[in-house]
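The values are calculated or read from the model by the stated rules, or taken from the named source; none is laboratory data. Since the structure is predicted, the reported quantities are computational estimates derived from the model, not experimental observations. Cβ placement follows ideal geometry from the backbone for every residue including glycine, while neighbour counts extend to all protein chains displayed.
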Amino acid sequence: MAPVKVRATQTFPGPAWSELGRVEIAPADAPGPDVDVLVVMNEPVDLALYPALRLIANYSVGYDRIDVAAAHERGVAVTNTPGVLDGATADLAMALMLAARRGVATGDRLVRAGGWSGFVPGREVSGATLGIVGLGRIGSAVARRAAGFDMQVLPVRRSAGDLDDVLRAADIVTLHVPLSAETRGLISRERLALLKDGATLVNTARGGIVDEQALVDELVSGRITAGLDVFAHEARVPPALLDLPNVVLTPHIGSDTIETRGAMTRVVVDNVLAFVRGEALPNPV
């Protein structure tokens, strides 16, 4: 069997990475006529640049920027990294709830500026009604954490639960659905208007799930608060959000812990090694 050439768009963290041996590092848009395996972080792949490509190993659970249908049509397999980032992403969702509701970032800025008094009181997380849109692995992990805060959980699954009713009833709404044709713009301007005054929206899923301009308008009005880890056009963040005290912003760090990133690399490497050995892929998309 001919040697398998592996290219990655970056070096990924954790000890498992070294098991791949020699890996070429180059951007995804650089021609790779002899590349068999391409490791990316949810990046677009122009298949015309990779005539020999047989596997796209995605270092992410989400793959909305990869044309999976086109890859399959070309006979290129695609894998992802499910299961290992659920806890870290759920932890961040809870952190954003707490930060947005209790004014953690605002209080931090106040103290750093030499202030102490004048802090605007926040709202409770304990005992709040939590709407979870998408009760998959991550949404379920959030629900388990919410139990520790005595929260009433209102889940919305694809097959059950009325989204509009949940938006009206919840004190906090957290989003945990993948970005697809079905979910793009799911939280529309009309649905944002259903949120009660003082409600909090948390998004650690994908920015495109929400009508971003409508969300900006709601936040500028001061009617609601938000904790946002994702944005519609990353790495661009709407400028109107940058100085608002009622929104907490993070740079898409849902899985960004040392432990989780290393575990994701382990999954990627296992998929690549399975391909090299001619075995079934552990995590096909």
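Annotations
- Selection count where residues are more than 19 Å from T183 (Cα to Cα), touching a strand residue (DSSP E or B) at 6+ places or on another chain (Cβ under 6 Å) and not β-branched (V, I, T), scope segment 223-239: 2
- Look at (1) surrounded by 18 or more Cβ atoms within 10 Å (Cβ to Cβ); (2) over 18 Å from the mean Cα position of the chain (by Cα) and you find that G75 fails only one, number (1).
- Members of segment 246-284 found to be touching a strand residue (DSSP E or B) at 6+ places or on another chain (Cβ under 9 Å), part of a loop (DSSP other than H, G, I, E, B) and surrounded by fewer than 16 Cβ atoms within 10 Å (Cβ to Cβ), listed by number: P282
Residues are listed down the side, and each one gets a yes or a no for (1) of a type in the set (A, V, I, L, M); (2) within 22 Å of the chain's Cα centre (by Cα):
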| position | (1), (2) |
| --- | --- |
| D217 | no, no |
| T225 | no, yes |
| I253 | yes, yes |
| A263 | yes, yes |
| V267 | yes, yes |
| L273 | yes, no |
| V276 | yes, no |
| A280 | yes, no |
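- Cβ-Cβ under 9 Å pairs, at least 6 apart or on other chains, segment 170-194 side at positive phi, far side of a type outside the set (D, E) and outside any loop (DSSP other than H, G, I, E, B): G185/G208; G185/I209; G185/V210
- Top-ranked residue of segment 25-53 - restricted to ones that are among the acidic types (D, E) and loosely packed, with under 15 Cβ neighbours inside 10 Å, ranked as nearest to D256 (Cα to Cα): D29
- Considering residues of segment 186-219 that are among the hydrophobic types (A, V, I, L, M, F, W, C), in contact with a helix residue (DSSP H, G or I) (Cβ under 7 Å, 6 or more places away or on another chain) and in a helix (DSSP H, G or I) only, the residue surrounded by the most Cβ atoms within 10 Å (Cβ to Cβ): L215
- Scanning segment 106-148 for residues that are closer than 17 Å to T200 by Cα and surrounded by fewer than 16 Cβ atoms within 10 Å (Cβ to Cβ) yields V120, P121, R123, E124, S126, G127.
- Inter-residue pairs, beta-carbon under 6 Å, first modelled with pLDDT under 95 and in segment 113-129, second loosely packed, with under 11 Cβ neighbours inside 10 Å, 6+ apart: none
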